[in-house]
Amino acid sequence: MTEITAPRDTAPLTDPRDLALVAELRGGLPLTSRPYADLGARLGMSEAEVLGRLKALTEGGVIRRFGAIVRHHEAGYTANAMVVIDVPDDRVAAAGRLLALEEGVTLCYRRVRALPDWPYNLYAMVHGRDRAVVQAAVEDMLRRQGLAGLPHAVLFSTRRFKQTGGRYGRPQQEARA
Amino acid sequence: MQTAYDFDTRLLNLSQHDFPLTPRPYAALAARLGVTERVVLDAFRLMREEGLLSRIGAVYRPGSVGASCLAALKVPEDRLEAVAAMVSGFAEVNHNYRRDHAWNLWFVVTAPSVARRDAVLLLIEEEAGLPVLRLPMVEDYHLDLGFALS
């Protein structure tokens, strides 16, 4: 079995009060006038503590983005392509950094290959309103980036079975729903 | 004339980044849009009911909160519905999509610990009776800047 390693340069969050806040936030910030106070009330934290922790997590880079999380599909972006490419290991980081800058690429990751079934190691997500337009944009992007000659595949999502927030937070809350 | 759709688009684009970390964030957004706090709250509630808004929340740096793994299954067509439902039934599965490829079921397992994540992957493998591709992240090249709506 493939060894699963943590992404580089990251340390897991360990402060129990931060973890409790992360778990409570999973359901979304309350849509109330004083949402941080209301969230804190469920955790035994003051509004100031909630705000202070969220600011510290944001400034420290643990929270990469805080705000509205939109469902692409409901916003009309129904053509959702996962582009996967088999890039030689010594080129993958440079290729990933360039692809990430492409307009239309919303996520760009290097992942472990799963040989022999799955040779691809670079992933880019591209969203659009029309499948043919997205397909053409992807091929154009791969050509411009000098990646079109590498083994690659474009996997469009054809049905969504589930999309929710992640199950982060405290293990005791992780009983099967 | 500004329509409700235009207003929602402006509100979402404004609130995907730099969401106010101040005691009354919806009032702060409302002030920037020239409306009342009530209008902003009602708009968000409606968007959430309609499914456009998943939530107001945080996107974490990969690896910093919990352990996750992209995974895939190659499911025979006549079993896809049942296997997809089994996979979705795990609380630790937060994305589950069909994609047009021989590896046709793609999902993300996110758990509080590596041990729990790997246990869920094994359970799915056993219940499906099919090998699961495990595709953990090595490196992230993108800053999640949200999603510009137009």
(message) Taking the condition of being assigned to a helix (DSSP H, G or I), buried (at least 20 other Cβ atoms within 10 Å of the Cβ) and at the interface with chain A (Cβ under 9 Å from one of its Cβ atoms), how many residues in segment B:41-64 meet it?
(response) 2
(request) Take segment A:66-83 and flag every residue that is polar (S, T, N, Q) and at pLDDT 85 or above. (result) A:80
(request) Run down B:48, B:99, B:32, B:38 and say which single residue is within 25 Å of residue B:139 (Cβ to Cβ) and charged (D, E, K, R). (result) B:99
(request) For segment B:60-72, indicate whether the set of residues that are outside the structural domain of residue B:119 (by TED's automatic domain parsing), more than 22 Å from residue A:123 (Cα to Cα) and hydroxyl-bearing (Ser, Thr, Tyr) is non-empty. (result) no
(request) Tell me the helices (runs of 4 or more DSSP H) entirely within segment A:1-117 that contain at least 2 residues that are in contact with a Phe, Trp or Tyr (Cβ under 8 Å, 6 or more places away or on another chain) and either facing chain B (nearest Cβ under 7 Å) or in contact (Cβ under 8 Å) with a residue 40 or more places away in the chain (or both). (result) A:16-25, A:47-59, A:89-100
(request) From (1) over 30 Å from residue A:49 (Cβ atoms); (2) open to solvent by 10 Å² or more (accessible area, probe 1.4 Å); (3) in a helix (DSSP H, G or I), pick out the condition that doesn't hold for residue B:28. (result) (1)
(message) Based on this model, can you work out whether residue B:108 counts as in contact (Cβ under 8 Å) with a residue 60 or more places away in the chain and surrounded by fewer than 21 Cβ atoms within 10 Å (Cβ to Cβ)?
(response) no
(request) Only residues that are at pLDDT 95 or above, more than 8 Å from chain B (Cβ to nearest Cβ) and in a strand (DSSP E or B): list them for segment A:125-177, please. (result) A:152, A:154
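The values are calculated or read from the model by the stated rules, or taken from the named source; none is laboratory data. Keep in mind the model is a prediction, meaning the values are calculated, not measured. Here Cβ is always computed from backbone atoms with ideal geometry, including for glycine, and neighbour counts include all displayed protein chains. Each accessible area value is taken on the protein alone, full model and side chains, heavy atoms only, with ligands, DNA and RNA left out. Shrake-Rupley method; radii C 1.70, N 1.55, O 1.52, S 1.80 Å.
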